[in-house]
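Remarks on the structure that follows.
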Amino acid sequence: MALCSQSTPQDYLHYLKDRYIDCIIAGRDHVDLCAALVEMNSRYGVKVVRVDAGGTLNGLLFRQGLVAEVSLLIYPSLVGGEKQTGISSSPDRPVTADLLAGQSNVISLKLIQMEQLKGEVVCCAMRLDNCL
């Protein structure tokens, strides 16, 4: 299944149709994630969606209140570099000391499960504090 918006080029929509890939069109200029999830529930009865994504999509999902649980795999390694990356990006709301002090960009999590996997890898499941 593909999520598209009304601005998705017709050539791409035909490409999906020719390959029997179902498409949900939600949103005008970009995909409206909330509307897409509602349509997935309506069409297919989907109640839970697992998202393996980067910081940009994760950030959008968090900011729109569409995340109830976060699972992290923690590898015992340190990686350096010039650019900072994270599991949730918000270019429109950069993290500053003032924001952290006021905690407006902080999402509180509650640990619900932790398991050591193969080797030293740890899997942590956490629920957002504002979710049941």
Check: Does residue 87 count as in contact with a strand residue (DSSP E or B) (Cβ under 8 Å, 6 or more places away or on another chain), modelled with pLDDT under 85 and surrounded by 10 or more Cβ atoms within 10 Å (Cβ to Cβ)?
Finding: yes
Next item on the list: Kindly indicate whether any position in the range 107-120 is at pLDDT 90 or above, within 19 Å of the chain's Cα centre (by Cα) and open to solvent by 90 Å² or more (accessible area, probe 1.4 Å).
Entry: yes
Note to self: Take residue 28 and tell me if it is touching a strand residue (DSSP E or B) at 6+ places or on another chain (Cβ under 8 Å) and open to solvent by 70 Å² or more (accessible area, probe 1.4 Å).
What the structure shows: no
Next item on the list: Look at residue 53 and say whether it is under 17 Å from residue 126 (Cβ atoms), of a type in the set (A, V, I, L, M) and either touching a Phe, Trp or Tyr at 6+ places or on another chain (Cβ under 6 Å) or at pLDDT below 90 (or both).
Entry: yes
Note to self: I'd like the full set of residues that are polar (S, T, N, Q), assigned to a helix (DSSP H, G or I) and open to solvent by 60 Å² or more (accessible area, probe 1.4 Å), limited to the range 44-65.
What the structure shows: 56
Notebook entry, point to check: Which ones in the range 38-68 are hydroxyl-bearing (Ser, Thr, Tyr) and more than 10 Å from the chain's Cα centre (by Cα)?
Noted result: 42, 44
Notebook entry, point to check: Which of the residues that make up the range 1-19 are hydrophobic (A, V, I, L, M, F, W, C) and open to solvent by less than 100 Å² (accessible area, probe 1.4 Å)?
Noted result: 2, 3, 4, 13, 16
Notebook entry, point to check: Can residue 22 be described as under 22 Å from residue 89 (Cα atoms) and either open to solvent by less than 100 Å² (accessible area, probe 1.4 Å) or under 20 Å from the mean Cα position of the chain (by Cα) (or both)?
Noted result: no
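This table checks each residue for (1) of a type in the set (S, T, N, Q); (2) in contact (Cβ under 8 Å) with a residue 40 or more places away in the chain; (3) under 30 Å from residue 119 (Cα atoms); (4) part of a helix (DSSP H, G or I).
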position	(1), (2), (3), (4)
8	yes, no, no, no
16	no, no, no, yes
21	no, no, no, no
24	no, no, no, no
29	no, no, no, no
42	yes, no, no, yes
67	no, yes, yes, no
70	no, yes, yes, no
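The values are calculated or read from the model by the stated rules, or taken from the named source; none is laboratory data. Computed from a predicted model, the values in this text were never measured in an experiment. Quick reminder, even Gly has a Cβ in these numbers, built from the backbone with ideal geometry, and neighbours come from all protein chains shown. Heads up: the accessible areas ignore ligands, DNA and RNA and are worked out on the full protein's heavy atoms, side chains in. Shrake-Rupley method; radii C 1.70, N 1.55, O 1.52, S 1.80 Å.
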